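The values are calculated or read from the model by the stated rules, or taken from the named source; none is laboratory data. This is a predicted model, so every value here is computed, not measured. Note that we place each Cβ from the backbone using ideal geometry, even for glycine, and neighbour counts take in every protein chain shown.
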Amino acid sequence: MAYPKRFIIDTIRTAAFGAIGAAYAAVGAALASPARIYCIKNLTNENLSFSFDGVNEQIVVPPNGFELIDISTNRTNQENFFLAEGTFFYVRHRGAAPASGDIFIEVIRS
């Protein structure tokens, strides 16, 4: 069984409420290597949509809510699901623009 050699916690990707518009915008840099775990925290006062392709709505996170995805739960080899290297996170508001707060995206990658 092959075990990963490193565990990297990326620098937090963040956007303030004023930067979240009606169109999708990238949040931070693309993934430098495949990701195993990510957490999206919406600390704004509105529902937000997140996308991995910048076009289609794929995740909705409510105000003061979060989405935690452990893609490779309890797996230790490299033949499991990962969020691909080069992936961007995109965000937009779903109606009213947020008037306060920030979003944070935390990523653990190999």
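Within region 35-56, can you find the residues that are touching a Lys or Arg at 6+ places or on another chain (Cβ under 9 Å) and more than 16 Å from E106 (Cβ to Cβ)?
Answer for region 35-56, where residues must be touching a Lys or Arg at 6+ places or on another chain (Cβ under 9 Å) and more than 16 Å from E106 (Cβ to Cβ): E46, N47, S49, S51.
Which number in (1) farther than 15 Å from A15 by Cα; (2) touching a residue at least 24 places away in the same chain (Cβ under 8 Å) marks the one condition that I59 misses?
In the conditions (1) farther than 15 Å from A15 by Cα; (2) touching a residue at least 24 places away in the same chain (Cβ under 8 Å), I59 misses (2) alone.
Take the residues in region 1-23 that are in a loop (DSSP other than H, G, I, E, B) and within 13 Å of the chain's Cα centre (by Cα); name whichever of them is surrounded by the fewest Cβ atoms within 10 Å (Cβ to Cβ).
Filtering region 1-23 for residues that are in a loop (DSSP other than H, G, I, E, B) and within 13 Å of the chain's Cα centre (by Cα), the one surrounded by the fewest Cβ atoms within 10 Å (Cβ to Cβ) comes out as T11.
Can you tell me which residue in region 59-110 is modelled with the lowest pLDDT, limited to those that are in a loop (DSSP other than H, G, I, E, B) and under 11 Å from I37 (Cβ atoms)?
Looking only at region 59-110, we keep the residues that are in a loop (DSSP other than H, G, I, E, B), and these are 62-64, 71-82, 84-89, 94-101, 110.
Still in the list and also under 11 Å from I37 (Cβ atoms): 71-73, 82, 110.
Numbers: I71: 82, S72: 71, T73: 63, F82: 84, S110: 73.
My answer is T73.
Look through A30, A26 and report the one residue that is over 15 Å from I103 (Cα atoms), at pLDDT 95 or above and touching a Phe, Trp or Tyr at 6+ places or on another chain (Cβ under 6 Å).
A30
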